[in-house]
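Data first, discussion second: the structure below is written as structure tokens.
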Amino acid sequence: MTLMLSSQRPFAQGGNRLCFVHPKHPDRCVKVRRPDFSLEARRRKKGFPKNLKPLSSFDDNLEEFHVMQQLEQQFGMPIFNLISRCYGFEDTDMGRGLTSELIRDHSGHISHTLKQYLWDHDHTEDSQHAVNTFCNQWIDLGVPSRDLLLHNIVAQRNHKGLIVRLVLIDGLGNQNILPMWLQPLTLRRNKARRKTENLRERIEALVNQRGADTFPGFHGQLFHEGVEDKDHEQ
Ligand SMILES: Nc1ncnc2c1ncn2[C@@H]1O[C@H](COP(=O)(O)OP(=O)(O)O)[C@@H](O)[C@H]1O
Ligand SMILES: [Mg+2]
């Protein structure tokens, strides 16, 4: 059955996709391509020689789906502590949508990105602990990924507002020529370690910008009605 999304308000958008709460499963989200930024437009923007690649190679949803399947095969359940679980594709009135676990706080509000959290609260003892836990597990498993960006990680919080889990919701996939299972664990761990080091640098850079008037860039902020998490904002 086709999910009707166009009459709903998305709760967030990234550079490429619009994110909706799944109309039938409040604990899932559906991501569709942004209608104002088609695959053709994305390919055109890349310029030569990348624009020679097939259209499907510019489809984040498709890539994410394949990578998720590989990760599930390789790591089993423990990986879903670190990344949002993917449930596959469903047809929508805005094209094919990829469904995945929607990360919500204990309050029921959709979790804020790590970027938003750091902006609102600084790098607290709580977030430092959560980042350390996330990074250690990331390195331990040797998860292949692109850069770990602050607006692609969400901070799930408990009833006290404390972070219980950091979850990567976008940016999986790797440009490696070798499939993951052919790469020795030490190599994978070294790469994962570098990604986490870069993540820590990004955190520091953002925290140093705190105090400026406006949130840097628009990515990573929620705009769904009712999800602005006022009770967490002190
Ligand atoms: N599973 C999720 N749980 C909670 N919030 C999410 C989830 N997926 C996406 N978001 C929110 O939507 C924003 C955009 O989603 P994202 O998948 O990063 O889109 P894009 O691929 O266009 O960058 C994220 O920055 C985050 O705020
Ligand atoms: Mg994103």
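The values are calculated or read from the model by the stated rules, or taken from the named source; none is laboratory data. All figures in this text were calculated on a predicted structure; none of them were measured in a lab. Ideal geometry is used to build each Cβ from the backbone, glycine not excepted, and the neighbour counts take in all protein chains shown. These accessible areas exclude ligands, DNA and RNA; they are computed on the full protein's heavy atoms, side chains included. Shrake-Rupley method; radii C 1.70, N 1.55, O 1.52, S 1.80 Å.
See the values below:
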| item | result |
| --- | --- |
| Residue within segment 36-47 that is under 15 Å from the mean Cα position of the chain (by Cα) and either closer than 19 Å to D91 by Cα or open to solvent by less than 20 Å² (accessible area, probe 1.4 Å) (or both) present | no |
| Residue list for segment 32-63, filter: in contact with an Asp or Glu (Cβ under 8 Å, 6 or more places away or on another chain) and closer than 13 Å to G15 by Cα | R33, L39, D60 |
| Hey, I139 hydrophobic (A, V, I, L, M, F, W, C), modelled with pLDDT of 95 or more, in the same structural domain as N208 (by TED's automatic domain parsing) and closer than 22 Å to M68 by Cβ or not | yes |
| Subset tally (residues that are open to solvent by 10 Å² or more (accessible area, probe 1.4 Å) and within 16 Å of ligand 2 (Cβ to nearest atom)) for segment 78-111 | 3 |
| Filter result (open to solvent by 80 Å² or more (accessible area, probe 1.4 Å) and either part of a loop (DSSP other than H, G, I, E, B) or among the hydrophobic types (A, V, I, L, M, F, W, C) (or both)) within segment 55-77 | M77 |
| Selection status of W138, touching a helix residue (DSSP H, G or I) at 6+ places or on another chain (Cβ under 8 Å), surrounded by fewer than 16 Cβ atoms within 10 Å (Cβ to Cβ) and not in a loop (DSSP other than H, G, I, E, B) | no |
| Complete set of residues in segment 112-124 that are open to solvent by 10 Å² or more (accessible area, probe 1.4 Å) and part of a helix (DSSP H, G or I) | K115, Q116, Y117, W119, D120, H121 |
| Odd one out for L187 among (1) away from ligand 2 (no atom under 16 Å from the Cβ); (2) at pLDDT below 90 | (2) |
| Selection status of G161, farther than 30 Å from Q73 by Cα, part of a loop (DSSP other than H, G, I, E, B), at pLDDT 95 or above and not assigned by TED's automatic domain parsing to the domain that holds Q73 | yes |
